[in-house]
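Just below is one structure, and these are the notes that go with it.
The values are calculated or read from the model by the stated rules, or taken from the named source; none is laboratory data. Bear in mind the structure is a predicted one, so any value in this text is a computation, not a measurement. Counting neighbours? That spans all protein chains shown, and the Cβs are built from the backbone with ideal geometry, glycine included. Heavy atoms of the whole protein, side chains included, go into the accessibility calculation; ligands, DNA and RNA do not. Shrake-Rupley method; radii C 1.70, N 1.55, O 1.52, S 1.80 Å.
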Amino acid sequence: MHGTMAYMARPDRIARRRDLGVILPGARSVAVVGLDYRTAAVARDVLNEPTRGRIAAYAWGADYHTVMGARLKALAEGLAGTHKPYVDTGAVLERSHAQQAGFGFIGKNTMLIHPRHGSTFFLGEIVTDAEFDQYDRPIEAAPTCGTCTRCLNACPTEAFPRPHVLDARRCISYHTIENKGAIPEDLRANFGNWVFGCDVCQDVCPFQRFAPVTPETAFLPTSAERAAPPLDWLLTMDDAAFHERFSGSAVVRAGRARLTRNACVAAGNSGEVALIPLLERLAVGGDEIVRAHAAWAINRLARPGG
């Protein structure tokens, strides 16, 4: 169910996930760290405004790869032996290692959930050949999701075929970030105004009420436009404007064309016919995939009732 992410099925990646010794010969230990990113800096009515393109909260501020990567490197320098740090990179089963280290449990939405931090935190690891004096263990009698199915029921595209299983081919985050091709037409109307990632299955989780606001100021958006830029701006931005606004954030990894493609889908779902002229410009030139999504959005907005 990994869609176009073929690297996940590569034999060498599978071997690394099965045995950290393939990554670092003689590996004996893994140090796992977490860093909260939840912030209440942007009002919900702004995020939910149909004429804005919503970005997942983890990407509002500085790129977490950079922030945590620097800290992991500093931490690793204090360890004996040979080590390799990872921040959502490489074939490392982060959530599994974190669960064993006492970070919580894997929820029905496949997220790692900490009883007092929810799931809005980043994970980082240091694989080392050093042996520690002591090791943490999974939380004894850790809570679980129980009979709760809020995340499964709330997913706009029904991306969970069953509890603890995510079908990336139906996931908004996958399509808006990882998918470089066309977004399936039968899913687009359910994307709402999401243009980069999706937070729905985390936002509805009851454990999120315990999630603290991060003290890390690097994760704060510089403005509301970094969290939910207006769709008319997204539909007309050029490369210079794209990099000026999103430089240093995870959004840059998607690239301007892909973000514009996503904005076309959000525009089609907005009900805002004033966006049609902007979409018409995109439908006649430039990127082929963007053209197709712009045409879809125009047709959707032009239909009676949207």
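From its DSSP helices (H runs of at least four residues, each -39,500 (n - 2.57)), the chain gives a residue-normalised ellipticity at 222 nm of -8500 deg cm²/dmol.
Were the residues from I23 through R116 laid out at 0.36 nm apart, the gain over their Cα-Cα distance would be 30.3 nm. Label zone of V213 (point 7 Å out along Cα→Cβ, amide N under 18 Å): in region 22-51 this covers 36-47. FRET efficiency for the pair R71 and D238, taken as 1/(1 + (r/R0)^6) with r the Cβ-Cβ distance and R0 = 30 Å, rounds to 0.30.
Each peptide in 42-49, 294-301 receives the mean, over its residues, of other Cβ atoms within 10 Å, and ordering these scores from highest gives 294-301, 42-49.
Taking a straight Cα-Cα cut-off under 17 Å and skipping sequence neighbours fewer than 8 places away in the same chain, the lysines within cross-link reach of K84 are K73. When a 1.4 Å probe is rolled over the protein heavy atoms, the share of accessible surface on region 1-54 that falls to carbon and sulfur comes to 51 percent. Remark: region 52-158 carries 50 Å² of accessible area per residue (probe radius 1.4 Å; ligands, DNA and RNA excluded). How many angstrom lie between the C-alpha centres of region 180-252 and region 1-40? Region 180-252 and region 1-40 have Cα centres separated by 24 Å. Within the shell defined by Cβ-Cβ distances under 13 Å, the residues around G34 carry a net charge of -2, with Lys and Arg each +1 and Asp and Glu each -1. The peptide list 226-239, 168-181, put in order of mean Cβ contacts within 10 Å with the highest first, becomes 168-181, 226-239. A simple count of charges around M68, restricted to other residues whose Cβ falls under 13 Å of its Cβ and scoring Lys, Arg +1 and Asp, Glu -1, yields -4. Applying the Karplus relation 6.51 cos²θ - 1.76 cosθ + 1.60 with θ = phi - 60° to region 19-36 yields 3J(HN,Hα) values of 9, 5, x, 6, 6, 9, x, x, 4, 10, 9, 10, 9, 10, 10, x, 9, 5 Hz, where x marks Gly and Pro. The phi-based Karplus calculation (6.51 cos²θ - 1.76 cosθ + 1.60; θ = phi - 60°) puts the 3J(HN,Hα) values of region 225-236 at 5, 7, 9, 8, x, x, 5, 5, 6, 4, 7, 10 Hz, whole numbers, x for Gly and Pro. Overall, the accessible surface of region 147-252 at a probe of 1.4 angstrom is composed of carbon and sulfur to the extent of 51 percent.
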